[in-house]
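The structure appears right after this line, and notes come after that.
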Amino acid sequence: MSSSSLPLGHDHGAHCGCGTVDTHSGASRQAVAVDTDIKERNLKRLRRIEGQVRGLQRMVEEERYCADIMTQLSSVQEALRSVGRELMRNHLKHCATAAIRAEGESADAMYDELIDLMYKNVR
C-alpha cells in the first residue's frame, strides 16, 4: 500500500498485515471492515460477560462453593471464546483476505500474524 492510498487518519508508519498502519506511537490499528450486526452481537456478549465476571467476584467474596465458581468460570471462558471466534471470522474475511490478495510483504506479514494467532489461541 503506498502512502498516498493510506486510510484517512493514519500516519505513515509501518504497515501491518491487514493493510492498516501501526505508527509505533501507541495508536491503535483499525480493522479493514467490520460487519455492524456482528459488532453489536459481540458488544452485547461482552457486556453479558462483564456481568458474569462481576458475579464471579461476588461468589468469591461470599466464599461460595468452589465447584459452583468453577462452573461459572467455565461459562465465562466459553463466552469469551465465542467472541474470539467471531472476531477471527471477521479478521479472516476482511483483514486477512485484503492483505493476502495484496501479496508481497503485506501477505507475508499476514501469514505470520495468522500463525501467531492460531498458536496463541489453541491453548
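The values are calculated or read from the model by the stated rules, or taken from the named source; none is laboratory data. Nothing here was measured: the structure is a model prediction, and the numbers come from that model. Reconstructed Cβ throughout: ideal geometry from the backbone, glycine too, with neighbour counts over all protein chains shown.
Observations on the model:
- For GLY19, the conditions (1) at pLDDT below 95; (2) over 21 Å from GLY104 (Cα atoms) are fulfilled apart from (2).
- Among (1) under 21 Å from LEU80 (Cα atoms); (2) at pLDDT 95 or above; (3) part of a loop (DSSP other than H, G, I, E, B) - the single one LEU43 does not satisfy: (3)
- Screening SER82 against (1) closer than 24 Å to TYR111 by Cα; (2) loosely packed, with under 12 Cβ neighbours inside 10 Å leaves a single unmet condition, (2).
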